[in-house]
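Working notes for the structure below.
The values are calculated or read from the model by the stated rules, or taken from the named source; none is laboratory data. Just so it is clear, the model here is predicted, and its values are computed rather than measured. Cβ: placed from backbone, ideal geometry, glycine included. Neighbour counts: every protein chain shown. In case anyone asks, the SASA skips ligands and DNA or RNA and just uses the protein heavy atoms, side chains included. Shrake-Rupley method; radii C 1.70, N 1.55, O 1.52, S 1.80 Å.
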Amino acid sequence: MHQSPTIRRSAGILAMLAMLSACSTIAEKTNFISDSEIQSKVAGTLGYSPDAVTLINRRTEGTNTFVVVRVDGKKEYSCTLNGGNLLSAGIVNPPTCTPKA
């Protein structure tokens, strides 16, 4: 039986989507960034000592870890750290942070 090019293309796209979903799940399940590592990296980005940074909230989606931190008990920032999982060989890129309104 001969498959049409459209069916082969659709099957290929579905296979690729399944593979990407699996990669995202692997990255999320193997995230090993500790809270203290997050505090240290965010502190360096914001120009504070790690002691001045309090981790308020964290969640991991795929290869990104999203955190909310409070600095010196006052200002809050939303930060994103990329990496720190099996797929990135543990490498963590410097966080990007924006002040919360």
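Suppose we keep only residues that are part of a strand (DSSP E or B) and among the aliphatic types (A, V, I, L, M) within region 31-69. Which one would you say is most open to solvent (accessible area, probe 1.4 Å)?
Taking region 31-69 first, the residues part of a strand (DSSP E or B) are 53-61, 64-69.
Pick out the ones that are also among the aliphatic types (A, V, I, L, M) and you get 53, 55-56, 67-69.
Values: V53: 3, L55: 43, I56: 77, V67: 4, V68: 25, V69: 1 Å².
This residue is I56.
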Residue pairs meeting the criteria (Cβ under 6 Å; at least 6 apart or on separate chains; first without any contact (Cβ under 8 Å) to a residue 24 or more places away in the chain, in region 46-62; second assigned to a helix (DSSP H, G or I) and surrounded by fewer than 16 Cβ atoms within 10 Å (Cβ to Cβ)): P50/S40; L55/D35
In region 70-101, anything part of a loop (DSSP other than H, G, I, E, B) and either without any contact (Cβ under 8 Å) to a residue 24 or more places away in the chain or exposed (fewer than 15 other Cβ atoms within 10 Å of the Cβ) (or both) is listed as D72, G73, K74, A89, G90, I91, N93, P94, K100, A101
Single condition T45 does not satisfy, out of (1) within 13 Å of the chain's Cα centre (by Cα); (2) at pLDDT 95 or above: (1)
